[in-house]
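One structure below.
Coordinate-derived values only; no laboratory data. None of the values given here were measured: they were computed from a predicted structure. Every residue, glycine as well, gets a Cβ built from its backbone with ideal geometry; the counts of neighbours run over all protein chains shown.
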Amino acid sequence: MRAIALPLTLIFIAWLIVRDCRRRPSVSTAVWLPTILLIVLGSRPVSMWVSGQRAYVTEMGNEAAGNLVDQLFYLFTVVGCFSVASFRGMKWNKIIATNTAIMLFYLYFAFSICWSGDPSGSLKRLAKDFGLLFAMGVIFSEKDPLLALRAVYVRCASVLFPLSVVFIKYFPNYGRNYAKSGEFEITGVATQKNSLGEIVLVFTLFLIWDYLETHPPGRRLGWRRIPWESVILILMGGWSLDLSRSKTATVCTMIGVFLVARSGLFVSKTINRAIFAGAMSLPFLLFFSQQFHSVIAPLVEAMGRDMTFTGRTNIWAQITLSTVNPIIGAGYWSFWGGPGGDAIMQAMTTIIPNAHNGYLDIYIDGGFLGLSVLFLMLVVSGLRIIKRFKISRNANLFIRVRFAILVVAIIYNLSETAFARLGPLWFTTLLVMVDFPMKAVVGTVGRTVNQGRSSILDQRSPALLNQ
């Protein structure tokens, strides 16, 4: 059966992609650069695909031992994206000026390389992370950036969801794995179960957005108008998510779908401010969970965890003010592969790739100063997004997606690490926080703007304009 399943799946994937390309003829072929990058971020490294190697959990928390194939892939992808966006007239200096908080975040961690235990490794990882902005530049330099954005995520889902299903069912050596603890887990195309949950979380929200854009409320939806390809992909993702038992991703998916699909009074600025304030308070409540046990316990239980967060608090207890310099940390993404991480692993007699908490990992990387620039970036981005609700229906859908992703990322990082770590959730979080203003594009696209025709940020996407 497996000999038939894989070819049929590949044919199904090709059909989905061809169908999507025909639906969006204005989307250029250059969009495949960020699409392929996101597919790799959501699955496994290129070197593993090339070698046919099965999924594994790296023993080095900072992935210090980089593969030449993977390094070349990121180099060519990032350089290619930068070249395409620059050729189209993207003004990077204006992007930097418009996104001060995000640039401050990157600037601080660039300085942290000076005290990193692995400066060359930190520099490489930070360069890859910053290079994500160039991939976004390709998307937002399209004639219709929102259409291109949806195309990228729908095509990624069209590849990753069906492959995950066929890997899980017919290729257990690739779709299933044993964790370092010996626990059996479903991984699909990813390298571990939480990564599978992450891709389902991210791409499901964009499938919902794409459906809402193409099938507005009030429009009669007959049998022939049902977007069966989207329905099938969402069912595949839900099935994979259920098998993965990634509870954090499951809860975040439900929250995200609500935030994207809501309407009416639920989209008011008051509600948005309350949701955002509640989300931003959760990291503080978590770290004071003993004092606020009665407040946070129901939320933790809703996520399918106990107050130890499935053993995560045992890791968190090892991280104190003396673990790293509490002011500046240990340097960007260098701790877990160095002596400090080794000491914690020996104390707990198990492999620990990260703190399983995005806020603690940022503290380890950059200390309290790192946490400060992280919260500054989140607050500035959240308030900016909230201000832009109710511009128009089309903009509201994208603004809702931006807001949903930001809230979901804040919650997701309570028990997993995604901040400043290459992956689909961080890529998407960065994408919804960054503003690509209309004035940042000149040249051919700029002349189109001056002539009063459709532009990179026309009436379909006023959410991206500076205010």
For segment 1-156, fraction of C-alpha pairs farther apart than 27 Å, in %: 36
statement: In the structure shown, of LYS193/LYS387; LYS143/LYS193; LYS124/LYS193; LYS193/LYS269; LYS124/LYS387, the pairs separated by more than 28 angstrom at the C-alpha atoms are LYS193/LYS387; LYS143/LYS193; LYS193/LYS269; LYS124/LYS387
task: Would you kindly work out the equivalent ellipsoid of segment 4-47 from its C-alpha gyration tensor and give its semi-axes, the square roots of five times the eigenvalues, largest first in whole Å?
output: 20, 19, 6
field: Ordering of 261-271, 101-111 by packing [mean C-beta count within 10 Å, highest first]
entry: 101-111, 261-271
field: Packing rank of 123-132, 36-45, where each peptide gets the mean count of other beta carbons within 10 Å, highest leading
entry: 36-45, 123-132
